[in-house]
Amino acid sequence: MKKTIKSLKTKLRVPTRSVAGTPSRPVLNDLLRAAEISIRLLRELSDTVPFIGSAASGTIFIIEQCKKYVRNSKDFDDLLRSLQTLESLVSPYKDGRSTLPSKVMKSIQQFDSVISDIQEDIKAVGLTGRVSQLVNSNENERKVADALQKVKEATDRIMLASLLEISREVKVMYTLAQSLLSLNPVHSARYNCIDGDQCLNGTRVTVLDDIEKWFDTGEEQVYWLNGAAGMGKTTIALSIAKNPGLIFPTLACQLASWNRDFQDALVDALGRYPYIGQALPYEQVQRLIVEPLHYIKSSTHVALVIDALDECDGERASEKILLALLQHIHSAPSLKVFVSCRPAAYVEALLSGGEHRRMFKLHHVPASIVDSDLQLFYRRRLEEIRTVKKLDDWPPGEMIEKLVQQAAGLFIYAATVCKYISSPGDARRRLEYIANIPKNDYNDALSVDILYTEVLSAALEKITDDHDRRDFTRLLATVMHVQVPLTVDSLGHLLDIEPKVIYDLLRDIHPILSVPDESGTFAGEMVHAFHASFPDYMTARKRIGEKVPSLYIVPAVQHLELALCCLQCMNRELKRILPFSERHLANHEILGLQLLIETHISSTLRYAVLYWADLLPSEDIQIQDHPIFAELKIFASSKLLFWLECLSLLDASESAIRVLVKGKDWLTAFINQSSFEIQPTAELLADTYHAVNEFFPIVQDFGVHLYLSFLLFLPRKTSLYQRYSHHLPPSWKVTGGIHESWNPLICSTQILSFSDIIAFSPDERSIVNVGHNVGALDILSLGNFSITNFIHTQEKPKWQEWDTRAIPGVDTAFPAGGDNNLHPGMNSVVWLPSGVIATCCTILSAIQKPYKSHCYLSLWDSETGNHIRLLFQTSEEMNMFLPVLTTSSSFKHLGLSTPSSLSIWNTENWDQICTCASSTPFYRSFTLSDDHYFIGREVRAMSNNRTLSTLNINPQSVSSSVFSYRGQMLVLASTSGLIEAWTVLPESTRVDVHQFLLQDPAALPSVASAHELIAISFDSEVYLFTLVNSCFSLKAIRRTTYDGRLRGITLSPSGRYVACHNDSGRTYVWSSSADISDSSHLNITTLV
């Protein structure tokens, strides 16, 4: 029987090719191997796609069984069971019990369908008898091949879908990484990256219990921990921190690493708002924190811990952060915010009034509890020191009591004492010295000063070399005065001190200064003071200056030293970075740009490039022959283009204007005091300022073209072109005409449709843009950004429906141009140096007699967009009127004149210092100085409203008026085109007059002043005058390129820019310091 079966098998076998399309054994084996390879590759995806690994392993097992069948004619029983197992592995996806990306799910479902079909085929084959299986071996092999081919195709589809999903995930992760990096997060701001201790067990129990109850069950969303410097706020913050936080981009990045739902929402937000990293705080909170939090599925509370809020750099920075949080926190119920800072009136005003806010004042904790915590702290820390130093019978209990009394509730003192005692040296002697400081000494001064003095004096005693002592002093002064902390390597690079020497010099002041070791420096850790009280001590003449006078450096002298170091660093290291071959690419399009930056711009050079001018001292010090003048000459004559390229690559071009102006102004002040030839250097800086103004898009986005088109189109007579034109390729030439001098026009754009006043920002980078909300326009990049939130209304209010209790911009949108049912009423706006924007809105609510008009004067925070207060509201029974909103030249006073009343406020505290009835109908003849105000035809004293002098004029003809910068002169513009200059005191006398040739009765002149400059707009031209010996002296003329009468002229705070707009809403901004324009056809006549 066996022989018969063997004979049948031999006859049925075809060695090279199967009958009727049945594949040969080699072909079938190749197919099996191909299927096995596909399945094994599929298993490699198991880390990305769950359960696929199990399915792949099951399929590999099936293939192995098929191989056995082909070789051994085995039946299909095991194969059927394996396929059933594979089906059970796939079934979770089919039933929807698990979720995968749709494409992968579809492929798995198709795989399941293929397996089901194969099962039916195998069942049919398996039901045949054994002899029949042998006889039909070729047919069975063909069926196996077809089945496995279907398995392979289905698994290939799963693999392809999975690979596509992996590609998508990689792209998402890359996008996430790039998006998060664009926010420039401060990674060291994570609570687990801070080098600090948490509260010891058993200490600060009261406050920690209160915080824990707040987080678990408290209804308040904001917790304010209030305490003086050194009371332990940071340590408490570290003890309760559950999520990281310092500033909003950093908060967002750290929250993204904590929760995937938040991460996805944040990536989406960064895609929709790519500018958000540079947006104002209130918008960052909304886009980066609050809105992504809505996508978190868990109901768990999220606590953000913001420590040392009062130490934020920048004017009112901490207040702006708080305002931004308070504006949006109510819309994120799951968010809780823990804030710690020193006592501050503005914080208490913001946080003490809300119903969802809790406050804990550390200085209200009973002294007995604080002393008990301090005693426990000392005992545990000194016990650790005793163990490490192997001391017996130490420390004496009475010394701990003395230390507690000396600390006076300041934990920073206790922590610094322990660091001082534990440092290398005699711990017994140090403890005895500190504990036995006479009581009068630590009562008469800040207790922490005693400790700082002891640590510094002890360290100084060990440095015997005079040169090393000078380096020690320079290091400490630099750490205290740098704008941003630096690493040991960067400090050494900047000051020309070897890093090893720095480690050695600073080793004995580790109790008060954080100095990372070499591994920490390599990881980017910075040198910084442990506590804010140390910089205060180091920079106070009456503190360190009296205790350790050799370590005190006058801040202005240290700033000058740092500025010199920065210039020396730039003169050594600045060079061209981008090759000519990249000339067709914008910065962001250059491959490997980040590597280029890291290779060519060291952290020290970065610091120097960004901050050199900020370090130039504003104080008046004698530096006639200081080497900084020589370094500035080298920088201006050979490094300016390289410096601009660095700023471009660091995405910091916006700072170029500020830096150049500060450098030029500082240098110019010493023209008559130094033996160096300063004028050529000042001219180069001035030329670069004009060039950046004119070609800012190149400077900002095209670093390569600083050496090409930027140079190519410079005016040929400028010192900048003459000094740097050798960088141009010889073949690059301009065939058309080139300006001989700078083009004074900075920008011309259509942004305003109705406003009498254009207001500059305090930094002179932006002008206010008022539509349905308050926004601003960057005058260099022409980028618009919103200041207040746009208020959406379903239906615009009708004339008769205006609710006079509704504040424009708060309860409803500002009426703006284009509305046919409300008169466009935003007519005046002022941007104060404090960051407050004052808006005046007038709305007509009755269009038939008796008329009714309403005036609203509101204050806004330019950083947060918050409405601060409605300062003034009035109504007039008359048709639409245009109130006059103005400020004194120093912005000390804000004044508003309406047909019925006149009001003046002090802008520091917003007290109303003057109010009286207006000189109707002369209310528009109104302006302010710091000491006087002008109304109608009278000059009055600000203090008592007393009339000081009366001008012999017709006030109804006054179209515009302004005091000179110091308030000694008054300039009036009349409807007849007459410009008059009057002295103010002791009596009003007209001293000079200019008459414009009035050809269009509607062309009303307007005037503005800033410093020594008087600007007059008339018809389509702007005239810039200075008052020399009380007489007008023409400086420059600016002309528009479009038809239309100019109005609403404004000078920037320093007089650097002049702006106005025409009847069609086109706004112009010119530089006032460029060379005078052609004045051959002046439309003015001087009257004697």
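The values are calculated or read from the model by the stated rules, or taken from the named source; none is laboratory data. All values derive from a computational prediction rather than experimental measurement. Every residue, glycine as well, gets a Cβ built from its backbone with ideal geometry; the counts of neighbours run over all protein chains shown. Each accessible area value is taken on the protein alone, full model and side chains, heavy atoms only, with ligands, DNA and RNA left out. Shrake-Rupley method; radii C 1.70, N 1.55, O 1.52, S 1.80 Å.
Values computed for the structure shown
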| read-out | value |
| --- | --- |
| Residues being assigned to a loop (DSSP other than H, G, I, E, B) and either within 34 Å of the chain's Cα centre (by Cα) or of a type outside the set (Ser, Thr, Tyr) (or both) - total across the range 665-683 | 8 |
| Matching option when the condition is open to solvent by 30 Å² or more (accessible area, probe 1.4 Å) and assigned to a strand (DSSP E or B), among Arg940, Arg966 | Arg940 |
| Filtered residue count, the range 596-623, keeping only those that are in a loop (DSSP other than H, G, I, E, B) and within 21 Å of the chain's Cα centre (by Cα) | 1 |
| Cβ-Cβ under 7 Å pairs, at least 6 apart or on other chains, the range 678-701 side open to solvent by 40 Å² or more (accessible area, probe 1.4 Å), far side hydrophobic (A, V, I, L, M, F, W, C) | Gln679/Ile671; Glu694/Trp742; Asp701/Ala586 |
| Hey, His294 modelled with pLDDT of 75 or more and open to solvent by 50 Å² or more (accessible area, probe 1.4 Å) or not | yes |
| Members of the range 552-564 that are touching a Lys or Arg at 6+ places or on another chain (Cβ under 9 Å) and open to solvent by less than 10 Å² (accessible area, probe 1.4 Å) | Gln558 |
| Scope the range 372-417; condition modelled with pLDDT under 85, open to solvent by 40 Å² or more (accessible area, probe 1.4 Å) and not in a loop (DSSP other than H, G, I, E, B); matching residues | Gln405 |
| Selected residue (criterion: nearest to Pro579 (Cα to Cα)) from residues of the range 684-715 that are in a loop (DSSP other than H, G, I, E, B) and not aliphatic (A, V, I, L, M) | Phe702 |
| Qualifying position, being in contact with a Gly (Cβ under 9 Å, 6 or more places away or on another chain), without any contact (Cβ under 8 Å) to a residue 24 or more places away in the chain, of a type outside the set (Phe, Trp, Tyr) and crowded, with 16+ Cβ neighbours inside 10 Å, among Ser918, Ser889, Ser925, Ser929 | Ser918 |
| Residue check for Tyr295: in contact with a Gly (Cβ under 8 Å, 6 or more places away or on another chain) and hydroxyl-bearing (Ser, Thr, Tyr) | no |
| Residues of the range 706-723 satisfying the condition of being modelled with pLDDT of 90 or more, aromatic (Phe, Trp, Tyr) and within 22 Å of Ala586 (Cβ to Cβ) | Tyr707, Phe710 |
| Selected residue (criterion: modelled with the lowest pLDDT) from residues of the range 530-540 that are outside any loop (DSSP other than H, G, I, E, B) and of a type in the set (A, V, I, L, M, F, W, C) | Phe534 |
| In the range 457-475, the residues that are of a type outside the set (Asp, Glu) and assigned to a helix (DSSP H, G or I) | Ser457, Ala458, Ala459, Leu460, His467, Arg469, Arg470, Phe472, Thr473, Arg474, Leu475 |
| Filtered residue count, the range 1035-1050, keeping only those that are buried (at least 16 other Cβ atoms within 10 Å of the Cβ) and either touching a Phe, Trp or Tyr at 6+ places or on another chain (Cβ under 7 Å) or β-branched (Val, Ile, Thr) (or both) | 6 |
| Top-ranked residue in the range 892-906 [being open to solvent by less than 20 Å² (accessible area, probe 1.4 Å) and closer than 26 Å to His1011 by Cβ; ranked as modelled with the lowest pLDDT] | Ser897 |
| Selected residue [at pLDDT below 85, open to solvent by 10 Å² or more (accessible area, probe 1.4 Å) and not β-branched (Val, Ile, Thr)] from Tyr442, Tyr420 | Tyr442 |
| Residue match in the range 513-531 (condition: farther than 30 Å from Lys633 by Cβ, of a type in the set (Phe, Trp, Tyr) and surrounded by 21 or more Cβ atoms within 10 Å (Cβ to Cβ)) | no |
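Here's the yes/no breakdown for (1) within 16 Å of Leu564 (Cβ to Cβ); (2) open to solvent by less than 10 Å² (accessible area, probe 1.4 Å):
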position	(1), (2)
Tyr452	no, yes
Ser457	no, no
Arg474	yes, no
Pro485	no, no
Leu491	yes, yes
Tyr503	no, no
His510	no, no
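Rundown of residues vs (1) among the basic types (Lys, Arg); (2) assigned to a loop (DSSP other than H, G, I, E, B), yes/no style:
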| site | (1), (2) |
| --- | --- |
| Pro511 | no, yes |
| Lys542 | yes, yes |
| Ile553 | no, yes |
| Glu561 | no, no |
| Gln568 | no, no |
| Ile577 | no, yes |
| Leu591 | no, yes |
